[in-house]
Amino acid sequence: MSHDHEPAPLTARAGGPLKGRVRVPGDKSISHRAMIFGLLAIGETRVSGLLEGEDVMRTAAAARTLGAVVHHDGPGSWRVQGVGVGGLHQPEDILDFGNAGTGSRLMMGVCGSHPITTTFDGDASLRKRPMRRILDPLEQMGTLVVSQQEGGRVPLTLRGPQEAIPIVYRPPVASAQIKSAVLLAGLAAPGETTVIEAEATRDHTETMLAHFGAEVTVTPEGAHGRRIVLKGQPELQAAPIVVPADPSSAAFPLVAGLIVPGSDILLESVMTNPLRSGLLTTLIEMGADITVEREANEGGETVADLRIRASQLKGVTVPPERAPSMIDEYPVLAVAAAFATGTTRMRGLQELRVKESDRLAAVEAGLRTAGVTCAIEGDDLVVEGSGGAPVPGGGPIATHLDHRIAMSFLVMGLATRQPVMVDDALMIATSFPSFVSLMNGLGGRIA
């Protein structure tokens, strides 16, 4: 299939204040996992609030190819009839994950521990992303990497063992994707699979393992870490999943509400899992007027309504240990920092160099294009705020096919002196298909 497309530039310009209440789409991390656990459970898993972006649809298609019966009942409403741990079918086709880093990496863990041969591929952006960090632990568990591109990139083919070997694994970097791939692989292994994290990362996989009936114990390890022990070869039972609103998507209207003068918006049912809420913590430290209302629990995840009012932010230093809880939010935090008073230093961002693009370099280049003074110092991004004066704006901003870069700079354009243009907004559909209509519904001007 061809992965080429005509670029679709978009421009955001300043208008009046943003007002209203909205619910952003379902969480991407949980939506991917809903399809994967639906596949691995016995019985029918009912999912509501699923994010129907392209990335998650690729994971749904892969679940189907591996033997699940997947029904779409209406917007966000799905049913998945699973095959059980150990029951995956030998796929007829390659598993094409498009732009989906999470879906492809988690599914490598699932397939790599089953006695089947699977070929993974994706678009031009996914073909650049390193998969070696997933393949290393899988090889220790008995997976054979039949073929791969240079540096462990897709397209690659895995052949799983007759019976996977349980391991104790310490991920070399803080990454929920590595941890989750190992735990999902561990489902098919006898005995105990253990992951030891130096820095705790988002824990949706552990929460969902327990929700579907696996035995998983989590204990503190060191100052910031966790030890996760999974008992292998459980019989997972289908369980309903309510997908909360995605905090990484909520970050865009949230920052827009802070930087567009006079704004007052309410974001409904946003997931407030502490391992995902680093951005909230940081913005509140910066002086953001954010009120948490109506907290509740949905399927083991905490959710709340967030009320956002325009605020004069002040620069802060963001500690490196906060990075795992807000790794996807640094581009939009950098936009907020551009409007703050004083300097914001975001520390320890090496993980941003291996996202959809070198996200760190892309953010710095975009800020400069928009007239913001900034620098990369080692693995830190330093942004000089405008002190409350409007940021100049301009463009075109090079997005490098990265949806979060595109959305971050469109948010910026809602508050800059000149409009901000991004070179290509097509990739926004991978994670937040309704982004433009939602922002414009609040009073934004993106066209």
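Just checking, how many residues over segment 142-173 are aliphatic (A, V, I, L, M), in contact (Cβ under 8 Å) with a residue 40 or more places away in the chain and out of contact with any strand residue (DSSP E or B) (no Cβ under 8 Å at 6 or more places or on another chain)?
Of the residues in segment 142-173, 2 are aliphatic (A, V, I, L, M), in contact (Cβ under 8 Å) with a residue 40 or more places away in the chain and out of contact with any strand residue (DSSP E or B) (no Cβ under 8 Å at 6 or more places or on another chain).
What pairs can you find where one residue is in segment 330-344 and open to solvent by less than 10 Å² (accessible area, probe 1.4 Å) and modelled with pLDDT under 95, the other is part of a helix (DSSP H, G or I) and acidic (D, E), and their Cβ atoms are less than 6 Å apart, with a gap of 6+ or different chains?
none
Only residues that are surrounded by fewer than 24 Cβ atoms within 10 Å (Cβ to Cβ) and under 21 Å from D96 (Cβ atoms): list them for segment 29-54, please.
Scanning segment 29-54 gives E52, E54.
Please verify whether S104 is hydroxyl-bearing (S, T, Y), closer than 22 Å to I30 by Cα and not in a loop (DSSP other than H, G, I, E, B), treating the condition exactly as stated.
Here the answer is yes, as S104 does meet what is asked.
Among the candidates G388, G443, single out the residue that is open to solvent by 10 Å² or more (accessible area, probe 1.4 Å), farther than 29 Å from G26 by Cα and either out of contact with any strand residue (DSSP E or B) (no Cβ under 9 Å at 6 or more places or on another chain) or in contact (Cβ under 8 Å) with a residue 40 or more places away in the chain (or both).
Answer to the selection: G388.
Report yes if some residue within segment 72-82 is more than 24 Å from the chain's Cα centre (by Cα), assigned to a loop (DSSP other than H, G, I, E, B) and crowded, with 23+ Cβ neighbours inside 10 Å; otherwise report no.
yes
If I filter segment 55-71 down to residues being outside any loop (DSSP other than H, G, I, E, B) and among the aliphatic types (A, V, I, L, M), which single residue comes out as most open to solvent (accessible area, probe 1.4 Å)?
Per the stated criteria, the residue is V69.
Yes or no: A100 within 24 Å of R404 (Cβ to Cβ) and surrounded by 23 or more Cβ atoms within 10 Å (Cβ to Cβ)?
In short, yes.
A quick yes/no check of all residues on (1) open to solvent by 50 Å² or more (accessible area, probe 1.4 Å); (2) among the charged types (D, E, K, R); (3) out of contact with any Gly (no Cβ under 8 Å at 6 or more places or on another chain):
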residue: T369; (1), (2), (3): yes, no, no
residue: L401; (1), (2), (3): yes, no, yes
residue: V411; (1), (2), (3): no, no, yes
residue: A447; (1), (2), (3): yes, no, yes
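The values are calculated or read from the model by the stated rules, or taken from the named source; none is laboratory data. Remember, predicted model here, so these are calculated numbers, not experimental data. FYI the Cβ positions are ideal-geometry reconstructions off the backbone, even for glycines, and counts take in every protein chain you see. Heads up: the accessible areas ignore ligands, DNA and RNA and are worked out on the full protein's heavy atoms, side chains in. Shrake-Rupley method; radii C 1.70, N 1.55, O 1.52, S 1.80 Å.
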